[in-house]
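**Student:** Sharing a structure with you now.
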Amino acid sequence: MEVSRVFLKKVKLTVHVLSVFALILLIFPASSISREAAPQEVIRAAIDGLRPFLEAIPGQDLEHYGFASPEELARATLGKPFKVYTITPDKILNYSQEMKLSTVISPTNLWFFPVVYRGKARTILTVDFVNGEWRAVAIGSSGLAKQLERIENKWPESDGYDHRFIRIYQAQSDFVAVSKERILKIVPLESAAVALKLKKVIEGVYGLYSPSEMIPKLVPVVRENLQSQTKSVD
């Protein structure tokens, strides 16, 4: 009888703890910008496409892709990919500060796989959904590969940071959203720094911005580019 009472007390305590935990999750939901894992079919497309794309690089162009020799190409592997997100022009032009970043970003079909040699990102293999299937479609952007690596090293996942890559096509600007413990910041990359005329805060990094600080900076650039596109069509 005594054992049953103790058992029931433990059950009640467990239920109570689980209820409190569930309540905490409702009040403090998990980060909405955590880095998305690539589906198996995307990974398979990257694996199948890596070697053909590497072997197609002309010997005289190896340096442009971050490699010094064919031997380095032969030993290159794939790193953890980034899914590419974007913010459409209407979301930028109609943005207000109370909007959460998770409500304004949209996924694209693109995945960027860092191509790694000796632990360093050298270039990027792009995977896209084409004609009903996932396939590797391009390789390049060694500069972007190094920038993404720099961001990951400064705010590593091992320290609890999440990353999400964002490309604003109408502003020709790339960003990484960095979050930890429900604090979210946006890090502009080189292309965004050029488009928005930003200054470096530290080597290779242009500072941390809240979405409400960064997105309004994009408004005049996006509006100007849209107006230019309209004039060119006319």
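**Student:** Please pick out the residue among 110, 125 that is of a type outside the set (Phe, Trp, Tyr), in a strand (DSSP E or B) and either under 17 Å from residue 184 (Cβ atoms) or touching a Leu at 6+ places or on another chain (Cβ under 8 Å) (or both).
**Tutor:** Values: 110 fails: either under 17 Å from residue 184 (Cβ atoms) or touching a Leu at 6+ places or on another chain (Cβ under 8 Å) (or both).
Exactly one of 110, 125 is of a type outside the set (Phe, Trp, Tyr), in a strand (DSSP E or B) and either under 17 Å from residue 184 (Cβ atoms) or touching a Leu at 6+ places or on another chain (Cβ under 8 Å) (or both), namely 125.
**Student:** Of the residues in the stretch 55-98, how many are in contact (Cβ under 8 Å) with a residue 24 or more places away in the chain, within 30 Å of residue 209 (Cα to Cα) and in a loop (DSSP other than H, G, I, E, B)?
**Tutor:** The qualifying residues number 7.
**Student:** Could you please find all residues in the stretch 129-171 being more than 27 Å from residue 47 (Cβ to Cβ) and either in contact with a strand residue (DSSP E or B) (Cβ under 7 Å, 6 or more places away or on another chain) or surrounded by 14 or more Cβ atoms within 10 Å (Cβ to Cβ) (or both)?
**Tutor:** The answer is 154, 155, 160, 168, 169, 170, 171.
**Student:** Would you please name the residue that is nearest to the chain's Cα centre (by Cα), looking only at residues in the stretch 138-175 that are of a type in the set (Phe, Trp, Tyr) and outside any helix (DSSP H, G or I)?
**Tutor:** 165
**Student:** Check whether at least one residue in the stretch 189-198 is without any contact (Cβ under 8 Å) to a residue 24 or more places away in the chain and among the acidic types (Asp, Glu), and report yes or no.
**Tutor:** no
**Student:** Pick from 226, 144, 196: which is at pLDDT below 95 and either touching a Lys or Arg at 6+ places or on another chain (Cβ under 9 Å) or under 30 Å from residue 65 (Cα atoms) (or both)?
**Tutor:** Just one listed residue meets the conditions, 196.
The values are calculated or read from the model by the stated rules, or taken from the named source; none is laboratory data. The model shown is predicted, which means the values in this text are computed figures rather than measured ones. Neighbour counts run over all protein chains shown; Cβ positions are idealised from the backbone, glycine included.
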